[in-house]
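**Q** Once you've had a glance at the structure underneath, I'll fire off some questions.
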Amino acid sequence: MLFESMQTLPADAILGLIAEYKNDSRADKIDLGVGVYRNADGLTPVLDVVKTAEQRLVDTQDSKAYLGTAGSQSFNAAMQTLTFAGSADDARVTTLQAPGGSGSLRVAAGLLLRARKKPTVWVSEPTWNNHVPLLGGAGLELKPYPYYDTDRHVIDADAMLEALRSVPKGDIVLLHACCHNPSGLDPTEQQWRAISDVIIERELVPFIDMAYQGFSADLDTDAFVVRHLADKVAEMIVTNSCSKNFGLYRDRVGSLSIMAADSKARAVVASQASNVVRTIYSVPPDHGAAIVEMILNDASLTSKWQVELAQMRDRLREVRVLLHDALKNKASSRDFSHLTRATGMFCFLGINAEQIDTLKADYGIYMIGSSRINVAGVTTDNVEYLAESITAVL
Ligand SMILES: Cc1ncc(COP(=O)(O)O)c(C=O)c1O
């Protein structure tokens with residue numbers, strides 16, 4: 001039998017946790033695991049601006065014929081502007097619509113494998129828990145550079161810079177543009193400048209994953225490292241996800257931008273990337289991208305989107321403070337200030353595996369094994385119970 005030799009794999013850590021949480025009948029259970037934004041009612045609603053654009057799309061769309069491997073040119077142009085805001089030479093950049101940030105990472109991996117025999121990509125330690133399976137599974141060699149100091153809950157910028165200084169010339173360095181997943185801690189502008197200097201000096205290729213643009217400070221500040229590097233390096237890769245900032249998770253919307261040395265190299269790269277797409281999923285899904293395209297190409301919809309984006313960002317900031325203050329009241333000897341220094345949805349709580357298990361078993365509080373929490377699961381209603389429970393297991 002063909003499939004006889006195969007074994008059932010252990011459940012994916014996050015998907016397994018979601019299932020466990022769903023089956024938990026306790027009324028006061030709290031989910032800090034799943035990686036989606038939630039509002040004060042614990043919901044992940046469709047943005048109003050998305051509803052408006054979607055309705056307009058339904059009313060006006062007259063064909064669903066294929067658009068080609070790179071998707072919609074108008075979407076791509078809008079995403080390129082959102083990403084670079086004129087900081088890169090358009091003649092050197094090609095942008096492709098892709099199925100979410102993950103799809104765009106996968107196409108980037110395919111392209112790197114065509115560009116080099118054994119491409120090595122350096123990733124932060126730790127990094128998003130799907131970076132290694134996704135990029136490694138595609139065939140790239142991944143190596144870690146130090147990033148997060150688990151004891152002090154800060155970025156170990158000195159160790160990171162030192163490590164990058166000894167990366168072989170020409171290697172690829174994966175950076176999180178903002179809202180680093182899982183730590184929530186990003187380099188300051190000054191640290192980004194120092195990191196960029198090493199990248200330029202060592203002729204490294206920046207590969208920037210921007211999955212949370214607008215979730216940290218604002219759309220422009222969050223793209224600082226992309227735009228700072230854009231006119232200083234010869235080549236660069238940027239992957240965007242519209243899952244979080246447009247709330248389009250399941251519609252699978254993202255883009256891949258590649259900056260080549262010149263317009264001639266750009267044409268080569270564009271044709272190779274298109275061919276990579278053809279060999280994986282042929283053409284990207286359109287519906288969500290058409291919504292984003294409509295929002296970004298209409299000034300009134302764009303400003304409505306920015307208001308809703310700011311509401312999500314502000315709530316994340318507020319619940320960080322809320323949880324921090326509640327913990328401070330209850331566990332005053334322990335410093336949780338990194339919760340408020342981090343931005344976006346994630347940060348490490350900084351507790352051990354046994355404490356994580358007890359929180360789940362005895363209190364119905366769910367988080368992944370590294371103690372990474374999604375602060376979007378915190379509400380004014382559950383924060384006291386949450387802080388009390390965490391304090392009890394410390
Ligand atoms: C750092 C990072 N990159 C990429 C992604 C992929 O996002 P998408 O759902 O758009 O594939 C995520 C999602 O959690 C992420 O955290």
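The values are calculated or read from the model by the stated rules, or taken from the named source; none is laboratory data. Keep in mind that this is a model prediction, so the values were computed, not measured. In this analysis, Cβ positions are derived from the backbone assuming ideal geometry, glycine residues included, and neighbour counts consider all displayed protein chains. For accessibility, only protein heavy atoms count, side chains too; no ligands or nucleic acids. Shrake-Rupley method; radii C 1.70, N 1.55, O 1.52, S 1.80 Å.
**Q** What percent do you get for the relative contact order of the range 66-297 when only Cα pairs under 8 Å and 6+ apart count?
**A** Reported relative contact order: 31 percent.
**Q** Quick one: length gained pulling Asp381 to Ala11 fully straight, 0.36 nm per residue minus the C-alpha distance?
**A** 130.1 nm
**Q** Using a probe of 1.4 angstrom, how much of the accessible area of the chain is carbon and sulfur, in percent?
**A** 51 percent
**Q** Relative contact order of the chain, please, whole-number percent, based on alpha carbon pairs below 8 angstrom and at least 6 residues apart.
**A** This gives 25 percent for the chain.
**Q** For the chain, take the longest principal axis of its alpha carbons; what is the angle in degrees between that and the long axis of helix 189-201, to the nearest 10 within 0 to 90?
**A** So the helix axis and the longest Cα principal axis differ by about 40 degrees.
**Q** Can you quote the Å³ per residue value for the convex hull of the Cα atoms in the chain, rounded to an integer?
**A** Per residue, the Cα convex hull of the chain comes to 164 Å³.
**Q** Can you tell me the length gained on complete extension of the stretch Lys264 to Ile18, counting 0.36 nm per residue apart and subtracting the Cα distance?
**A** 83.8 nm
**Q** Give the residue list of GluC sites (Glu not before Pro) in the range 231-334 that are DSSP loop and have at most 10 other beta-carbon atoms within 10 angstrom.
**A** Those that pass, being in a loop and sparsely packed, number zero.
**Q** Something else: Between their Cα atoms, which of Lys117/Lys232; Lys118/Lys169; Lys29/Lys328; Lys118/Lys264; Lys22/Lys51; Lys117/Lys169 are more than 19 Å away from each other?
**A** Violating the 19 Å Cα-Cα cut-off are Lys117/Lys232; Lys29/Lys328; Lys118/Lys264; Lys22/Lys51.
**Q** Are there GluC sites (Glu not before Pro) in the range 137-208 that DSSP puts in a loop and that have at most 16 other Cβ atoms within 10 Å, and which ones?
**A** For GluC sites (Glu not before Pro) across the range 137-208 that sit outside H, G, I, E and B with at most 16 neighbouring Cβ atoms in 10 Å, the list reads Glu203.
**Q** Taking R0 as 45 Å, what FRET efficiency do you get between Gln272 and Leu43 from their Cβ-Cβ distance, rounded to the nearest 0.05?
**A** Rounded to the nearest 0.05, the efficiency is 0.60.
**Q** What's the longest piece of the chain with no exposed chymotrypsin sites (Phe, Trp or Tyr not before Pro), counting a site as exposed if DSSP puts it in a loop and it has at most 10 other beta carbons within 10 Å?
**A** Longest stretch, sites excluded: 67-394.
**Q** Shifting gears a bit: Pull out the extension gain between Val283 and Thr340, defined as 0.36 nm times the separation in residues minus the alpha carbon to alpha carbon distance; nm, one decimal.
**A** This chain segment gains 16.4 nm when fully extended.
**Q** Please give, to one decimal in nm, the separation of the simple spin-label points placed at Thr302 and Ala361, each 7 Å out from Cα toward the Cβ.
**A** Each label point is offset 7 Å from its Cα along the Cβ direction, giving 5.5 nm.
**Q** Let me ask something else about it. Rounded to the nearest 10 degrees, what's the angle between the helix 100-115 long axis and the longest principal axis of the chain, both from Cα atoms, 0 to 90?
**A** 50 degrees
**Q** Does a label point 7 Å from the Cα of Lys169, set along Cα-to-beta-carbon, have any residues of the range 199-237 with amide nitrogen under 17 Å, and which are they?
**A** Backbone N within reach: 199-206, 233-235.
**Q** For the chain, with every protein chain kept in place, what is the accessible area per residue (1.4 Å probe, Å²)?
**A** Per residue, the chain has 45 Å² of solvent-accessible surface.
**Q** Assuming R0 = 25 Å, what is the FRET efficiency of Ala77 and Arg317, from their Cβ-Cβ distance, to the nearest 0.05?
**A** 0.20
**Q** For the chain, set up a GNM with springs between Cα atoms under 10 Å and report which of Ala310, Ala331, Ala11 has the largest fluctuation.
**A** Answer for the Gaussian network model of the chain: Ala11.
**Q** Could you tell me how many degrees, from 0 to 90 and to the nearest 10, lie between the Cα long axis of helix 48-60 and the main elongation axis, the longest principal axis, of the Cα atoms of the chain?
**A** With rounding to tens, the tilt is 40 degrees.
**Q** So, R0 is 25 Å and r is the distance between the beta-carbons of Asp218 and Asp149; what FRET efficiency does that work out to, to 0.05?
**A** After rounding to 0.05, the efficiency reads 0.40.
**Q** Right, another one. Mind checking which of Ala88, Ala353, Ala77 has the largest fluctuation in a GNM of the chain, springs on alpha carbons under 10 Å?
**A** Checking each option, the largest mean-square fluctuation is seen for Ala353.
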